[in-house]
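Colleague: Starting off with a structure, shown below.
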Amino acid sequence: MQISSIEEKVLLTDILKLKKQILKMIWIAQSGHPGGSLSCVNLIYLLYKKVMKFDAKNPLMEDRDIFILSKGHAAPALYAVLSKIGLIEKKELYTLRSFGSRLQGHPKKNKDLGIEISTGSLGIGFSVSIGCALAAKLNNNNKKIFTLLGDGELNEGVVWEAAMAASHYKLDNLIAIVDRNGIQSDGSTEEVMSLEPLADKWKAFGWEVIEIDGSNINEIINGFKNACKIFRKPTVVISYLIKGSDVSFMEHTRRYHGKPPNKEEYESAVLEINKQIEIIQGD
Ligand SMILES: Cc1ncc(C[n+]2csc(CCOP(=O)(O)OP(=O)(O)O)c2C)c(N)n1
Ligand SMILES: [Mg+2]
């Protein structure tokens, strides 16, 4: 692993710790979606940490940027990041999916927690983000709307209807991010419902397309920042990632799409991640 700066080292370590946090939450709940949470947590963290205009001390700030987790089943990744930035207490994370908890299996709208809308029904979060972007334009508010979709989520017809509307209304304040991990619940995206040539499809719908290596911190941050500079059309950042990334037996498989680790699996995953943290620290 080539680490070029101290900051990168800190961010990579944070991301690995977030992955451990996600696994612990899902293991304790014995329910949840580890694969798609592990693949995208770096994107969500870097958005909040390095890109978005968002103050955890004032989550209702009028001109805050908005993040919508359209792939709502990755809620543990969002909760872990919201906890890291100070909006959710760590001990509350372990109430994931329990009766009465504010942290359900899919995000439930709670603006004090930084959750702008309820999501989970695939395609809906993305559609709502078009409404948010339009509203911001009508209110002359220069906030940005970021929305994260899964690649399997792109099977939903409503996604393409929303994509068409976004370019029609020239929503340059809207940035969609696709977690292109290549796997959905029933197998590889190309086997279930082929998406390629994906970049060309978005271009044909009038979008600017930025493709990034989703495991490279600088590419992610630069990709998001460049997306914010595009004028008169929406941008999609297609992020090539690995489902279940950083836990070898969860990588590149649909097995852990919606299956929690058992005790042995959890402990072995933590050991693997700890080793990676040690390597980064020693670099
Ligand atoms: C409308 C709708 N249909 C079906 C589901 C069930 N579901 C949850 S996740 C998922 C697969 C999503 O695949 P992908 O977007 O690739 O997720 P990721 O790989 O990022 O976890 C499905 C079908 C749902 N949540 N909403
Ligand atoms: Mg996927």
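Colleague: Does E89 count as under 30 Å from N142 (Cβ atoms) and out of contact with any Cys (no Cβ under 8 Å at 6 or more places or on another chain)?
Modeller: no
Colleague: Regarding region 58-73, can at least one residue be identified that is touching a Pro at 6+ places or on another chain (Cβ under 7 Å) and within 16 Å of ligand 1 (Cβ to nearest atom)?
Modeller: yes
Colleague: In the list K57, K91, which residue meets the criterion of being assigned to a helix (DSSP H, G or I), farther than 22 Å from R254 by Cα and more than 13 Å from the chain's Cα centre (by Cα)?
Modeller: K91
Here's the yes/no breakdown for (1) over 19 Å from I145 (Cα atoms); (2) among the aromatic types (F, W, Y); (3) surrounded by fewer than 21 Cβ atoms within 10 Å (Cβ to Cβ):
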| site | (1), (2), (3) |
| --- | --- |
| K24 | yes, no, yes |
| W27 | yes, yes, no |
| P59 | no, no, yes |
| A75 | no, no, no |
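Listed here are the residues, each with its yes/no results for (1) assigned to a loop (DSSP other than H, G, I, E, B); (2) in contact (Cβ under 8 Å) with a residue 40 or more places away in the chain; (3) touching a His at 6+ places or on another chain (Cβ under 7 Å); (4) over 23 Å from L174 (Cα atoms).
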residue	(1), (2), (3), (4)
I68	no, yes, no, no
P76	no, yes, no, yes
L96	yes, yes, no, yes
G100	yes, no, no, yes
Q104	yes, no, no, yes
P107	yes, no, no, no
I117	yes, yes, no, no
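Colleague: Give region 132-160 a look and list any residue that's over 16 Å from L198 (Cα atoms), assigned to a helix (DSSP H, G or I) and of a type in the set (D, E, K, R), or say none.
Modeller: K137
Colleague: Another question about this same structure. Determine whether region 1-11 contains at least one residue that is at negative phi and within 16 Å of ligand 2 (Cβ to nearest atom).
Modeller: No; the residues of region 1-11 include none that is at negative phi and within 16 Å of ligand 2 (Cβ to nearest atom).
Colleague: Now for a separate question. Quick one: A269 ticks every box in (1) crowded, with 17+ Cβ neighbours inside 10 Å; (2) closer than 23 Å to I183 by Cβ; (3) within 18 Å of the chain's Cα centre (by Cα) except a single one, so which number is it?
Modeller: If we test A269 against (1) crowded, with 17+ Cβ neighbours inside 10 Å; (2) closer than 23 Å to I183 by Cβ; (3) within 18 Å of the chain's Cα centre (by Cα), just (3) comes out false.
Colleague: Find the residue count for region 218-241, including only residues that are more than 25 Å from S167 (Cα to Cα) and surrounded by 21 or more Cβ atoms within 10 Å (Cβ to Cβ).
Modeller: The total comes to 1.
Colleague: How many residues does region 189-211 hold that are without any contact (Cβ under 8 Å) to a residue 40 or more places away in the chain and away from ligand 1 (no atom under 16 Å from the Cβ)?
Modeller: Total satisfying the criteria: 9.
Colleague: Among L154, L134, L171, which is the only one that is more than 16 Å from ligand 2 (Cβ to nearest atom) and free of Cβ contacts under 8 Å to residues at least 60 places away in the same chain?
Modeller: So the residue among L154, L134, L171 that is more than 16 Å from ligand 2 (Cβ to nearest atom) and free of Cβ contacts under 8 Å to residues at least 60 places away in the same chain is L134.
Colleague: What tally of residues in region 159-198 results from selecting those that are surrounded by fewer than 17 Cβ atoms within 10 Å (Cβ to Cβ) and in contact with a strand residue (DSSP E or B) (Cβ under 7 Å, 6 or more places away or on another chain)?
Modeller: The number of residues fulfilling the criteria is 1.
Colleague: How many residues does region 74-84 hold that are away from ligand 1 (no atom under 16 Å from the Cβ) and hydroxyl-bearing (S, T, Y)?
Modeller: 1
Laboratory data are not the source of any read-out in this text; all were calculated from the coordinates shown. This structure is a prediction, so every number in the text was calculated from the model and none was measured. Neighbour counts run over all protein chains shown; Cβ positions are idealised from the backbone, glycine included.
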